[in-house]
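Written below as structure tokens is the structure these notes are about.
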Protein chains: 2
Amino acid sequence: MPYLKRQASCPEPIDCKILTAALNLFVKSGYHNVSIHKIQEEADVSIGSIYRHFNGKEGVAQALYKHILNELDELIDDVIANTQAPAKQIEEIIKQLFEHTETHPEIISYIFHTKHVEFLPNEPLMFDAEPFTRIKNIIKLSIDSNKASEMELQINNSLIMGSVTKLIQLRLDGLAKKPLVESLDILLEKLWQGLGVDLET
Amino acid sequence: MPYLKRQASCPEPIDCKILTAALNLFVKSGYHNVSIHKIQEEADVSIGSIYRHFNGKEGVAQALYKHILNELDELIDDVIANTQAPAKQIEEIIKQLFEHTETHPEIISYIFHTKHVEFLPNEPLMFDAEPFTRIKNIIKLSIDSNKASEMELQINNSLIMGSVTKLIQLRLDGLAKKPLVESLDILLEKLWQGLGVDLET
DNA sequence: TTGACAAGAATGAATATTCATTCTATTTTC
DNA sequence: GAAAATAGAATGAATATTCATTCTTGTCAA
């Protein structure tokens, strides 16, 4: 099973094999271009097992989705636990995302480069999911927003998460030559400047 | 003898009917969830015609893609013809995109809310397509970039196009309550501020 | 003006294929 | 040895594509 943090243990359990295989295939070809049979082949398990564990293809995609959102949520927990100022928390979250783009591109791709609605119609839109609403809140806190309207909050959020998402996608598509962490400082400088945030480092 | 006016002649040409139907269906359900038969039904033409005109489902999607990229290209032509300063050109392009999001949401959605690689594997990545490389160039011109590195240009581009894309997607998903044009001024202010661009209006 | 004829556009039933799912047999685990 | 897990061949529903036929339109001879 793909973990953001932990290493998978030695005798890989069958459901982890399935999820790992599915993740790789989904990311490479897109959900609809991947058949159960391909997953079965790649994971080196039987079709029966896939049905027993996940009750079919959509079940696999859904389990993956929830698993990864969970890990993202834990990542945010960690950042919050170890960082004080909201603005610093945002910086750290972005940094972590950029790093994971290098070390776990499939996971990041499944989050940031996939249109889940097209195969998980019953899941809430991703940016309504827990980790992203939390990020939105931290952004709100990090910017002096006494008199900020709903609309302005949305713009701030779009500036930060929009540019981060765009960079991640460029990198995943091979259009960004260097690891994103190298862009981090410049990006943050421009972001905070645009948003009028003063950081007393 | 008085006679009823003939049915309005000039019936919509068949390939337009097909493209319009396909666009609506693709945007609503996603390419892979739309069958040729649904297109046939929605367009009120025969399956044979779809094959005659576009040689199948993928052909329809491809024709749509090229058609829409073309229109976007023309939009940029217009803006360039009527606006001097690059920064103003960018502003106008963003404004047009925001307006089109209200008046032609399907078209904008097909551009900004679709993963084309998953069904048009032979088309270049969208942000490598003509209109977007042109936008990238205008952005480059609009920002004093004598000493700007490749990386910095990419960050600038991500800030602008990333936030614009994000806002458009929010609006298309119904998560932005008001038309985006109302956000335009604030967005531009923050963008230029972040990018260090002075506008002598 | 009329009717015969040709060219090509449109039709949609029939076909071929793909692929998710089911089901029974087999193996493993405790 | 019972229960749980795994296997993968068989099934059939969904769906892309083909193609023989019908319809439309334009041309030209009588």
Does B:H104 qualify as being open to solvent by 20 Å² or more (accessible area, probe 1.4 Å) and more than 14 Å from chain A (Cβ to nearest Cβ)? yes
Selected residue (criterion: surrounded by the fewest Cβ atoms within 10 Å (Cβ to Cβ)) from residues of the range B:180-189 that are of a type in the set (A, V, I, L, M) and more than 8 Å from every other protein chain (Cβ to nearest Cβ): B:V181
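Those residues that are touching a Leu at 6+ places or on another chain (Cβ under 7 Å) and either in a helix (DSSP H, G or I) or open to solvent by 40 Å² or more (accessible area, probe 1.4 Å) (or both), I need them from the range B:130-153; list them, please.
First, pick out the residues of the range B:130-153 that are touching a Leu at 6+ places or on another chain (Cβ under 7 Å): B:130-131, B:140, B:143, B:145.
Within the range B:130-153, B:E130, B:P131, B:K140 qualify.
Restricted to the range A:180-201, and to residues that are of a type outside the set (A, V, I, L, M, F, W, C) and outside any loop (DSSP other than H, G, I, E, B), which residue is nearest to B:E182 (Cα to Cα)?
Looking only at the range A:180-201, we keep the residues that are of a type outside the set (A, V, I, L, M, F, W, C), and these are A:182-183, A:185, A:189-190, A:193-194, A:196, A:198, A:200-201.
Still in the list and also outside any loop (DSSP other than H, G, I, E, B): A:182-183, A:185, A:189-190, A:193-194.
Values: A:E182: 35, A:S183: 31, A:D185: 31, A:E189: 26, A:K190: 23, A:Q193: 22, A:G194: 18 Å.
My answer is A:G194.
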How about the range A:190-201: which of its residues are surrounded by 18 or more Cβ atoms within 10 Å (Cβ to Cβ) and free of Cβ contacts under 8 Å to residues at least 12 places away in the same chain? A:K190
Of the residues in the range A:40-70, those that are more than 8 Å from DNA strand D (Cβ to nearest atom) and more than 14 Å from chain B (Cβ to nearest Cβ) number 18
Tally, over the range A:18-44, of residues that are away from DNA strand C (no atom under 12 Å from the Cβ) and touching a Lys or Arg at 6+ places or on another chain (Cβ under 6 Å): 1
Going through (1) crowded, with 21+ Cβ neighbours inside 10 Å; (2) at the interface with chain A (Cβ under 7 Å from one of its Cβ atoms) one by one, B:Y110 fails only at (2)
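Mind counting the residues in the range A:154-179 that are assigned to a helix (DSSP H, G or I) and more than 10 Å from chain B (Cβ to nearest Cβ)? Let's see the steps before the verdict.
Within the range A:154-179, the subset assigned to a helix (DSSP H, G or I) is A:154-172.
Keeping just the survivors that are more than 10 Å from chain B (Cβ to nearest Cβ) gives A:172.
Number of matching residues: 1.
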Looking at (1) hydroxyl-bearing (S, T, Y); (2) within 11 Å of the chain's Cα centre (by Cα); (3) surrounded by fewer than 19 Cβ atoms within 10 Å (Cβ to Cβ), find the lone condition where A:Y51 falls short. (2)
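Yes or no, residue by residue, for (1) over 28 Å from A:Q62 (Cβ atoms); (2) at pLDDT 95 or above; (3) among the aromatic types (F, W, Y); (4) touching a strand residue (DSSP E or B) at 6+ places or on another chain (Cβ under 8 Å):
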{"position": "A:R134", "(1), (2), (3), (4)": "no, yes, no, no"}
{"position": "A:I143", "(1), (2), (3), (4)": "yes, no, no, no"}
{"position": "A:N157", "(1), (2), (3), (4)": "no, yes, no, no"}
{"position": "A:A176", "(1), (2), (3), (4)": "yes, yes, no, no"}
{"position": "A:P179", "(1), (2), (3), (4)": "yes, yes, no, no"}
{"position": "A:E182", "(1), (2), (3), (4)": "yes, yes, no, no"}
{"position": "A:D185", "(1), (2), (3), (4)": "yes, yes, no, no"}
{"position": "A:G196", "(1), (2), (3), (4)": "yes, no, no, no"}
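Restricting the range A:25-39 to residues that are more than 14 Å from every other protein chain (Cβ to nearest Cβ) and open to solvent by 60 Å² or more (accessible area, probe 1.4 Å), which is nearest to DNA strand D (Cβ to nearest atom)? Quick ask: steps written out before the conclusion?
First, pick out the residues of the range A:25-39 that are more than 14 Å from every other protein chain (Cβ to nearest Cβ): A:36-39.
In the following step, the residues that additionally are open to solvent by 60 Å² or more (accessible area, probe 1.4 Å) were identified as A:37-38.
Numbers: A:H37: 8, A:K38: 14 Å.
This residue is A:H37.
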(1) surrounded by fewer than 18 Cβ atoms within 10 Å (Cβ to Cβ); (2) within 14 Å of another protein chain (Cβ to nearest Cβ); (3) under 30 Å from A:P179 (Cβ atoms); (4) within 14 Å of DNA strand C (Cβ to nearest atom) all hold for A:K115 apart from (4)
Taking the range A:137-153 on its own, how many of its residues are within 11 Å of chain B (Cβ to nearest Cβ) and touching a residue at least 24 places away in the same chain (Cβ under 8 Å)? 1
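So, A:P124, is that one within 23 Å of A:D185 (Cα to Cα), of a type outside the set (A, V, I, L, M) and open to solvent by 20 Å² or more (accessible area, probe 1.4 Å) or not? Please lay out each step first, then the result.
Numbers: within 23 Å of A:D185 (Cα to Cα): no; of a type outside the set (A, V, I, L, M): yes; open to solvent by 20 Å² or more (accessible area, probe 1.4 Å): yes.
So A:P124 fails the test.
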For the range A:46-129, which helices (runs of 4 or more DSSP H) that fit wholly inside it have 2 or more residues that are more than 21 Å from B:G30 (Cβ to Cβ) and at pLDDT 95 or above? A:57-82, A:86-103, A:105-112
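The values are calculated or read from the model by the stated rules, or taken from the named source; none is laboratory data. Predicted model, so just to flag it, every value in this text is computed and none were measured. Here the Cβ is made from the backbone with ideal geometry for all residues, glycine too, and neighbour counts use every protein chain on show. The area values use the complete protein model at the heavy-atom level, side chains included, leaving out ligands, DNA and RNA. Shrake-Rupley method; radii C 1.70, N 1.55, O 1.52, S 1.80 Å.
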